Each structure stands twice: as structure tokens, then as C-alpha cells.
Amino acid sequence: MKLRQLAGRTYAIESDFASLGIYRLDQQNCLLIDSGHSAAHARETLRILEEQGWAVGAIFNTHGHADHCGGNHWLQEKTGCDIYASRIEAAFIENPLLLPYSTYSAYPPKLLMGKFFMPQPSRVTRIVEPGPLLINNTSFEALPLTGHSLGQMGLITPDGVLFAGDSLVSEQILEALPFVFLADVARQIITLQRLKDSSYKHIYLSHGGLSQDAAPIIKANYNTLTDTLAQIEDIIRRPHSLEGVISRFTSRLGSVLNRNHYFRLSNAISAILAYMVNQGQVSITMENNIPHYCVSGKKGSCS
């Protein structure tokens with residue numbers, strides 16, 4: 001883990017897993033943007049801050065996935081800091097069983113209850129709405145970036161750096177795995193358009209670092225999403241169950257899934273199928289008591 005100055009009072013602690021942001025609120029206190037994936041990550045973060053003579057005044061969570069709020073519990077216990085999050089993400093942060101529950105759609109098996117899926121709970125003390133946000137007499141802007149999760153928000157620091165959470169994935173990651181993990185396709189499209197229309201000079205990705213020209217990254221994310229939609233539409237020109245879609249899609253990617261990857265991918269493909277159903281592009285039929293998805297109307301064979 002390494003401290004990096006991005007602009008003015010805006011910094012990042014970068015790591016191979018998920019980087020987090022820092023804004024110096026005053027000479028001593030700072031705001032963390034996300035807290036890393038674990039208590040160990042949080043301890044190392046605090047050590048780096050203490051070397052600079054800085055203390056944690058508050059945490060802003062972009063969203064409630066474990067790699068972004070896994071350090072909350074330890075840091076809040078250690079420092080008593082406030083935690084800021086959107087209302088939806090606060091429900092997951094305070095009740096982390098909801099993370100594997102929403103992945104599995106029931107009380108989950110233990111393999112989905114490790115620290116990378118289910119962090120320790122922490123207390124959200126401030127609910128964030130989109131727009132201006134005052135933290136310790138410093139003005140920020142909270143930007144809705146839903147899609148990857150149901151209530152994800154970015155944070156724009158006074159230095160003009162947008163911490164964009166997981167709303168964008170770096171081109172390098174997309175080259176290795178051309179797929180975007182999301183919960184809501186319609187909202188993700190709106191988010192990508194919002195970022196495309198923006199004039200943010202500096203955008204910081206939790207997985208990818210600082211970008212001073214986000215246009216190629218936004219385009220790559222949009223192209224990956226539209227290509228995935230096209231691939232799945234092609235697969236379900238004949239009826240397939242969810243498991244059948246996953247199997248055919250991963251075969252096209254040339255991917256071999258372990259159990260954890262399967263459930264994450266299943267979530268995202270379910271979101272894509274739901275989007276296509278809600279758009280009227282796809283019908284759900286029952287075959288042998290199992291739901292099957294198929295392109296509607298003239299494009300497919302569903303009746």
C-alpha cells in the first residue's frame with residue numbers, strides 16, 4: 001500500500017486490491033473515501049496516516065461491497081469516526097448479511113460469508129443524498145453513480161477529483177475479463193452517460209487508479225456492456241435457463257468459474273436478463289418447471 005498525492009489536499013492509498021481516497025479536512029483530520037477490504041487493510045491505512053500525522057475524522061463509503069467498507073468496523077471502533085453513505089448502501093453496511101443474501105437469494109452457504117463477501121457491520125452516522133455535502137465545514141459534492149450497486153455514490157473533492165467507486169472499470173481489467181459486474185443495467189447506462197457528459201478533469205477508479213482522460217475508459221465500459229447485452233441476446237434466441245445462459249456465456253468468454261465467481265456472475269447476468277425483460281425484449285417461459293429466457297417477438301422463437 002502506498003500514499004499518493006493526486007491534487008491539492010486530495011490523496012489516495014493505492015493497493016493491488018481496492019484503492020481508497022483521502023481528503024485532508026484540516027491539519028490533522030482527514031476524510032477517507034472507502035476503507036478497504038478488511039481490518040488488516042484498515043490497520044495499514046491508519047499506520048500510513050499516522051506517519052503523516054493525520055487522523056481519521058470520517059469515512060465516505062461509495063457503496064457497501066466488502067472491498068470498499070471492509071475496514072469500516074475496525075476504524076470506527078478505533079477512532080469513533082462518522083461514516084457517510086447513501087440510504088440503500090447504509091442498509092448493507094449496517095446489515096452485511098444482506099450482501100451474501102442478495103447474491104444467493106436466501107440465507108447463504110458459508111462459502112459466501114467470508115470477509116470478502118460479508119464484512120463486519122459498522123454504523124452509518126450520516127445518510128447522504130445527491131448534491132452538496134458539508135463534512136467538517138468542507139464542501140464536497142455527492143454524485144449518484146448507481147448501476148454497479150443500487151445506491152452507489154461518487155464524491156467530488158474541493159480539488160475537483162471525482163472518486164467514482166466501481167462505476168467504471170479500467171481498460172486493463174476489461175481486457176483481461178470483458179464483463180461489467182452490476183446490479184441495475186438501466187441505471188448503469190444513465191451513470192455512463194452522466195460521466196460522459198461531465199467535465200471532471202480527474203476521475204479516480206477504485207480498481208484502476210487516476211484517469212485524466214476518462215473518455216476512453218467510459219467508452220470501453222459502455223462497449224463492454226453493449227457487447228454483453230448483444231451476446232446474451234444471441235444466446236437466448238432459443239430458450240435458456242439462467243444456468244444455461246451462464247454456461248453458454250462463460251464458454252464464449254473462455255472462462256472457468258470457481259464457486260464464488262459463479263455466484264457473482266449469476267447476480268450480474270440476472271440483472272441483465274431482468275433489464276431485457278423489463279424493456280420488453282425478452283420473455284420468461286416455463287419449461288419443465290424451470291424459468292427460461294427467450295428473445296420476444298419476431299427476433300426469437302418464444303411464444
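How long is the gain from ALA7 to ASP197 if the chain were fully straight, where each residue apart is worth 0.36 nm and the alpha carbon distance is subtracted? Please report the intermediate quantities before stating the final value.
Working: separation 190, 0.36 × 190 = 68.40 nm, distance 2.24 nm.
66.2 nm is the gain from fully extending ALA7 to ASP197.
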Using only the C-alpha atoms of the stretch 2-160, find the volume of their convex hull and express it per residue in Å³. 103 Å³
Expressed in nm to one decimal, what extension gain is obtained for the pair GLU175 and ARG238 from 0.36 nm per residue of sequence separation less their Cα-Cα distance? 19.8 nm
Amide H proximity to GLU141 below 5 Å, modelled H, separation 5+ or other chain, gives LEU133, ILE156
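Per the helix-only calculation at 222 nm, which mean residue ellipticity applies to the chain, given -39500 (n - 2.57) for every DSSP H run of n ≥ 4 and division by its residues, nearest 500 deg cm²/dmol?
Working: 10 runs with 112 residues, N = 303.
Helix contribution divided over all residues of the chain: -11500 deg cm²/dmol.
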Taking only Cα atoms and a 10 Å spring cutoff, compute GNM fluctuations for the chain and point out the largest among VAL277, VAL124, VAL256. VAL256
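Rounded to a whole number, what is D in µm²/s for the chain from Stokes-Einstein with the Kirkwood radius over alpha-carbon pairs (4 °C, 1.567 mPa s)? Mind dumping the intermediate values first?
On the way: Rh = 20.1 Å.
After rounding, the answer is 65 µm²/s.
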Which angle between 0 and 90 degrees, to the nearest 10, do you get for helix 215-235 versus the longest principal axis of the chain when only C-alpha atoms count? 30 degrees
Using 0.36 nm times the number of residues separating LEU111 and GLN212, minus their current alpha carbon distance, what extension gain do you get? 32.5 nm
Just for the chain, what percent of DSSP beta bridges are antiparallel, to the closest 5? 70 percent
Using the alpha-carbon atoms, what tilt in degrees (0 to 90, nearest 10) does helix 259-278 show relative to the longest principal axis of the chain? 70 degrees
Using R₀ = 35 Å, calculate the FRET efficiency as 1/(1 + (r/R₀)^6) where r is the Cβ-Cβ separation of ASN137 and ASP227; round to 0.05. 0.15
What translational diffusion coefficient, in µm²/s and rounded to a whole number, does the Stokes-Einstein relation yield for the stretch 236-299 at 4 °C and a viscosity of 1.567 mPa s, taking the hydrodynamic radius as the Kirkwood radius over Cα pairs? 105 µm²/s
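Could you tell me what % of all Cα pairs in the stretch 147-303 have separations over 18 Å? Working shown, then result.
Details: 7380 of 12246 pairs.
Value for the stretch 147-303 (Cα pairs over 18 Å): 60 percent.
State the volume of the convex hull built on the alpha-carbon positions of the stretch 88-168, expressed per residue in Å³ and rounded to an integer.
Numbers: hull volume 8.8 nm³, N = 81.
Once divided by residue count, the hull of the stretch 88-168 is 108 Å³.
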Quick one: helix 185-197 against the long Cα principal axis of the chain, what's the angle to the nearest 10°, folded into 0 to 90? 50 degrees
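Computed from the coordinates by the stated procedures, all read-outs in this text should not be read as laboratory data. Model, not experiment: these values are computed from the prediction. Every residue, glycine among them, receives a Cβ derived from its backbone with ideal geometry; neighbour counts consider all protein chains shown.
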